[in-house]
Amino acid sequence: GQQLNQSPQSMFIQEGEDVSMNCTSSSIFNTWLWYKQDPGEGPVLLIALYKAGELTSNGRLTAQFGITRKDSFLNISASIPSDVGIYFCAGDPGDGGATNKLIFGTGTLLAVQP
Amino acid sequence: DAGITQSPRHKVTETGTPVTLRCHQTENHRYMYWYRQDPGHGLRLIHYSYGVKDTDKGEVSDGYSVSRSKTEDFLLTLESATSSQTSVYFCAISETRTLGSPLHFGNGTRLTVT
């Protein structure tokens, strides 16, 4: 089935470093979302993007909806130990509205060393 | 976890046995979804519901059925469990199916089929 290409697969960084991850697709998406998953829990929504070119921040997190509608990136500034987890991008292929039949990336595992 | 309870949280069952997973929400949201999460695949949509008694198939629906007799409950049934259905299953809900109403996930059910 359709899947998003998410990279990198994993990152091991020092506390205080900035992080960047991205998602690409061969298809156009109407909405891009970024989720974080902690061990033993479900994904939690971090940022939702609804317009091509949109740049949205949530605290130390910044995400952008690519102008071609085929990609998105997530940046985390000044990482802290609680940023550890798996980050997923997800796209909604809905045309003119949301379907919420999301297509997910395979995830980026982030490890932060204090 | 947006008022979503999944039960059981863990289950081990034998090949060929039927299994039912339950998702209960207290948000009175119309839309409910079942996803499965496997290494290397991210999350993939199994079935979804857009109202009581209204359900439809997702990307990986073979071997699964669902039922929604009440707004708050969405059941996922494996009629005859197979080892390939060993996975972590997540329920998700959304209030509407429009932009600005993203999915919120439960904490998952880890199912092992031996």
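The values are calculated or read from the model by the stated rules, or taken from the named source; none is laboratory data. The structure displayed is predicted, hence computed values, not measured ones. Glycine also receives a Cβ, built like all others from the backbone with ideal geometry; neighbour counts cover every protein chain displayed.
Table: residues versus (1) crowded, with 20+ Cβ neighbours inside 10 Å; (2) within 14 Å of chain B (Cβ to nearest Cβ); (3) aromatic (Phe, Trp, Tyr).
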residue: A:Glu15; (1), (2), (3): no, no, no
residue: A:Ser26; (1), (2), (3): no, no, no
residue: A:Trp32; (1), (2), (3): yes, yes, yes
residue: A:Gln37; (1), (2), (3): yes, yes, no
residue: A:Ala48; (1), (2), (3): yes, yes, no
residue: A:Leu61; (1), (2), (3): no, no, no
request  = Say whether the condition of being touching a His at 6+ places or on another chain (Cβ under 6 Å), at the interface with another protein chain (Cβ under 9 Å from one of its Cβ atoms) and either free of Cβ contacts under 8 Å to residues at least 40 places away in the same chain or within 18 Å of A:Ile103 (Cα to Cα) (or both) is met by at least one residue in the range B:45-64.
outcome  = yes
inquiry  = Being surrounded by 14 or more Cβ atoms within 10 Å (Cβ to Cβ) and within 14 Å of another protein chain (Cβ to nearest Cβ) narrows it down to one residue among B:Pro39, B:Pro102; which is it?
reply    = B:Pro102
task = Within the range B:69-112, track down each residue that is in contact with a Pro (Cβ under 8 Å, 6 or more places away or on another chain) and farther than 18 Å from A:Ile103 by Cβ.
result = B:Thr77, B:Leu78, B:Glu79, B:Ser80, B:Ala81, B:Thr109
ask   = From the set of residues in the range B:28-83 that are of a type in the set (A, V, I, L, M, F, W, C) and assigned to a loop (DSSP other than H, G, I, E, B), which is nearest to A:Thr106 (Cα to Cα)?
value = B:Val60
Single condition B:Arg22 does not satisfy, out of (1) over 23 Å from A:Gln37 (Cα atoms); (2) modelled with pLDDT of 95 or more; (3) of a type in the set (Lys, Arg) = (1)
ask   = How many of the residues making up the range A:63-92 are charged (D, E, K, R), surrounded by fewer than 21 Cβ atoms within 10 Å (Cβ to Cβ) and either outside any strand (DSSP E or B) or within 11 Å of another protein chain (Cβ to nearest Cβ) (or both)?
value = 3
request  = Can you work out which of the residues in the range B:56-70 that are more than 12 Å from the chain's Cα centre (by Cα) and at pLDDT below 95 is farthest from B:Arg22 (Cα to Cα)?
outcome  = B:Glu59
